[in-house]
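**Student:** Okay, handing you the structure first.
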Amino acid sequence: MSRKLGAGAMLCAVWLLGVCPGAAFAQINTGTVAGTVKDAQGGVIPGATVTLISEARGTRSAPVVTSGTGDFVFANVAADTYTIEVTLESFKTSQQPGIAVSPGTRVAAGTIVLEVGGATETVVVTGETPRVQASSGERSFSVTTAEVTNLPIATRNFADLINLTPGVVNGNRAGDSASTGGGSNNFMMDGVSTMEPGSNRLMIAVNVESISEVKVLTSSYQAEYGRSSGLQVTAVTKSGTNRFQGSLYDVERDSDWYSNSRTNILNGDPKTTLKQRDWGYSLGGPVGKPGGANKLFFFYAHEFQPRTTGNNVVRFRVPTALERMGDFSQTTDNNGNPFPFIRDPLLSGTCSATSQAACFADGGALGRIPRERLYQTGLNVLDRYPMPNITDVPAGQNYNYQLTRPEQSLTSWQPVVRIDYQPMSSLRGTFKYAAWGQPNDAILGSLPGFNDTQMNDPVVPLWSASLNYTLNATTFLEGTFGRASHRQAGCGLNGNGANFCTAGFPVNPIANRNTSGLSDLPFLFPDANIVDPSYYQYEALREVSPSNFDGTRVLLPPA
């Protein structure tokens, strides 16, 4: 099991500020907007009131006042698109829309010009000014909401959007490799790390329908971005707007729509089944009258990913009936040539095609092992494989077992919910929950019925909560707390659909060492059969009589 806590800490309440220890946390989940207010003649204007208005929800930020040099800064801006509104007595109100803020971005809004006039008059600056990262030297790239929604990607996984970034090749920064200290990326979603700490891989990647924006930092990023020397990827989930909006979609891929492969045709094999669907829906909006002065917003998305595979032919070389009795006199190599050369460790010499001095040859049959020399546990190992189903193996054929794997279907799911609440301009809060999971079904192995496996609780939940309170124009408190966890075993769940994992726990009766004649084999480690130590505990046998206590430890149920 793995758990990962999000960046930041629980917010200390204002009335406890005096007793809470001071700490500084990275501003990764919010951005900064800065600019300057001047008059038409280029003179700076101090004392002007500046407010950010969310274009999606209509909520307003806590206002700030320009300094003596006409500058203003919003230091805790949630990722969204805003309109900057500037007001001052004896000047016309100025509005500059289209200010896009990404997580961790320092946006330079430039100069906003106020014109002399009545306060009831409003000047809207509609000319589009390029937004540059002028406050830091980072090299970054943002995939906007429109791009996330409209760009076709095969996997429907937001992590694949990083390949749109200039300088990124196959999911890694160009030139990065393990030998150069690079190639290790860090993924965060809504301020919470989604990295598996054990394998350093992406632990959960939700569908693109629930993603508002993906920001990729390639190099020269600030000190608050740690843990990895590669790409820093931050995703933001969608939030509800002041209007009800939703979607319904269905993306399908089906092997029935394309021809059989050339390899299958040459081998006389049927077409492999591969059916994939990614369908889902989303709905978001205000909790209240659309278009009104709402304070509570919601967004919900749910994607289902049915997958069907199978109908592929597998071929193996399995032990024959004679070999299971220790008789290798009829055994052949992969080219169909006789290979009965089994060396007897009790004899000196060699055992090969040129010299059989040290070969087993019971009863004069080269390659036959005497029955009294057979190791029963070893014979039981051979019996763990199915019997050959091809009796007359032609010369040169290196397999004697063939089957067509049956079709199997699995459906994974990805729910995402987000709640945004702003009761006042100085206080806002957000709660997000996302998950990825699939049924805990047994997965057919390469030899169905013999090496089938099952994953352990294949569900990955992630939740986070953020709270932001503005004390005044220069001071705010912000806290984010979250958790991503899993209890996987076998394969990683990467969000690209149901995982037909064949590396989980064996589930067939033949896999049980106690029922397949292998109970005499010792464990390499005494606790190798413990799946989750939290359910058990080791205790020394202190309360038994000394005659029964040998200093070892035994497995006891929890107290």
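The values are calculated or read from the model by the stated rules, or taken from the named source; none is laboratory data. The structure presented is a predicted model; accordingly, all values stated were derived computationally and were not measured. Methodologically, a virtual Cβ is constructed for each residue, glycine included, from the backbone with ideal geometry; neighbour enumeration extends over all protein chains shown. Ligands, DNA and RNA are stripped out before the accessible areas are found, and what is left, the full protein with its side chains, is counted by its heavy atoms. Shrake-Rupley method; radii C 1.70, N 1.55, O 1.52, S 1.80 Å.
**Student:** For the structure I just gave you, tell me whether Glu213 is crowded, with 16+ Cβ neighbours inside 10 Å, assigned to a helix (DSSP H, G or I), at pLDDT 75 or above and more than 14 Å from the chain's Cα centre (by Cα). Give the steps one after another, and end with the answer.
**Tutor:** On the way: crowded, with 16+ Cβ neighbours inside 10 Å: yes; assigned to a helix (DSSP H, G or I): no; at pLDDT 75 or above: yes; more than 14 Å from the chain's Cα centre (by Cα): yes.
Judged against the criteria, Glu213 is not a match.
**Student:** Right, another one. So how many residues does segment 258-304 have that are under 30 Å from Asp80 (Cβ atoms) and touching a strand residue (DSSP E or B) at 6+ places or on another chain (Cβ under 8 Å)?
**Tutor:** Step one: list which residues in segment 258-304 are under 30 Å from Asp80 (Cβ atoms), which gives 278-304.
Narrowing further to those that are touching a strand residue (DSSP E or B) at 6+ places or on another chain (Cβ under 8 Å): 278-288, 292, 294-304.
Final tally of qualifying residues: 23.
**Student:** Follow-up question, since we're still on this one. Before we move on, is Gly449 out of contact with any strand residue (DSSP E or B) (no Cβ under 9 Å at 6 or more places or on another chain), within 30 Å of Pro509 (Cα to Cα) and either modelled with pLDDT under 90 or open to solvent by less than 40 Å² (accessible area, probe 1.4 Å) (or both)?
**Tutor:** Numbers: out of contact with any strand residue (DSSP E or B) (no Cβ under 9 Å at 6 or more places or on another chain): yes; within 30 Å of Pro509 (Cα to Cα): yes; either modelled with pLDDT under 90 or open to solvent by less than 40 Å² (accessible area, probe 1.4 Å) (or both): yes.
Here the answer is yes, as Gly449 does meet what is asked.
**Student:** Ile99 passes all but one of (1) of a type outside the set (D, E, K, R); (2) under 16 Å from Ser426 (Cβ atoms); (3) buried (at least 20 other Cβ atoms within 10 Å of the Cβ); which number fails?
**Tutor:** All conditions pass for Ile99, except number (2).
**Student:** If you don't mind, there's one more thing I want to ask. Which one is nearest to the chain's Cα centre (by Cα) among residues in segment 326-337 that are surrounded by 14 or more Cβ atoms within 10 Å (Cβ to Cβ) and without any contact (Cβ under 8 Å) to a residue 40 or more places away in the chain? Talk me through it step by step, then tell me what you get.
**Tutor:** First, the residues of segment 326-337 that are surrounded by 14 or more Cβ atoms within 10 Å (Cβ to Cβ): 326-332.
Applying the additional criterion that residues be without any contact (Cβ under 8 Å) to a residue 40 or more places away in the chain yields 329-331.
Details: Ser329: 52, Gln330: 51, Thr331: 47 Å.
Here the residue is Thr331.
**Student:** Restricting to segment 151-190, name every residue that is modelled with pLDDT of 70 or more, open to solvent by 40 Å² or more (accessible area, probe 1.4 Å) and outside any loop (DSSP other than H, G, I, E, B).
**Tutor:** Correct list: Asp160, Asn163, Leu164, Val169, Asn172, Arg173.
**Student:** Further question: Report, by residue number, each residue of segment 302-342 that is in contact with a Phe, Trp or Tyr (Cβ under 7 Å, 6 or more places away or on another chain) and aliphatic (A, V, I, L, M).
**Tutor:** If the condition is that a residue be in contact with a Phe, Trp or Tyr (Cβ under 7 Å, 6 or more places away or on another chain) and aliphatic (A, V, I, L, M), then Val318, Ile342 are the ones that fit.
**Student:** Are any residues in segment 384-399 surrounded by 15 or more Cβ atoms within 10 Å (Cβ to Cβ) and out of contact with any Ser or Thr (no Cβ under 7 Å at 6 or more places or on another chain), and if so, which ones? Spell out how you get there, then give the answer.
**Tutor:** Within segment 384-399, the first condition is being surrounded by 15 or more Cβ atoms within 10 Å (Cβ to Cβ), and the residues that meet it are 384-386, 388, 393, 397.
Within segment 384-399, Tyr385, Pro386, Val393, Gln397 meet the criteria.
**Student:** I'm checking my understanding of the structure. Among residues of segment 400-416 that are of a type outside the set (S, T, N, Q) and part of a loop (DSSP other than H, G, I, E, B), which one is surrounded by the fewest Cβ atoms within 10 Å (Cβ to Cβ)? Walk me through how you get there before you give the answer.
**Tutor:** Kept after step one, since they are of a type outside the set (S, T, N, Q), are these residues of segment 400-416: 401, 403, 405-407, 410, 413, 415-416.
Right, trim to part of a loop (DSSP other than H, G, I, E, B) and you get 405-407.
Numbers: Arg405: 18, Pro406: 10, Glu407: 13.
Filtering segment 400-416 for residues that are of a type outside the set (S, T, N, Q) and part of a loop (DSSP other than H, G, I, E, B), the one surrounded by the fewest Cβ atoms within 10 Å (Cβ to Cβ) comes out as Pro406.
**Student:** Assess whether Val251 counts as being open to solvent by 20 Å² or more (accessible area, probe 1.4 Å), assigned to a strand (DSSP E or B) and modelled with pLDDT under 90.
**Tutor:** Judged against the criteria, Val251 is a match.
**Student:** Check every one of the strands (runs of 3 or more DSSP E) wholly within segment 40-95 and list those with 3 or more residues that are among the aromatic types (Phe, Trp, Tyr) and at pLDDT 90 or above.
**Tutor:** Working: elements: 49-54, 71-78, 80-87.
Of the strands (runs of 3 or more DSSP E) lying wholly inside segment 40-95, none has at least 3 residues that are among the aromatic types (Phe, Trp, Tyr) and at pLDDT 90 or above.
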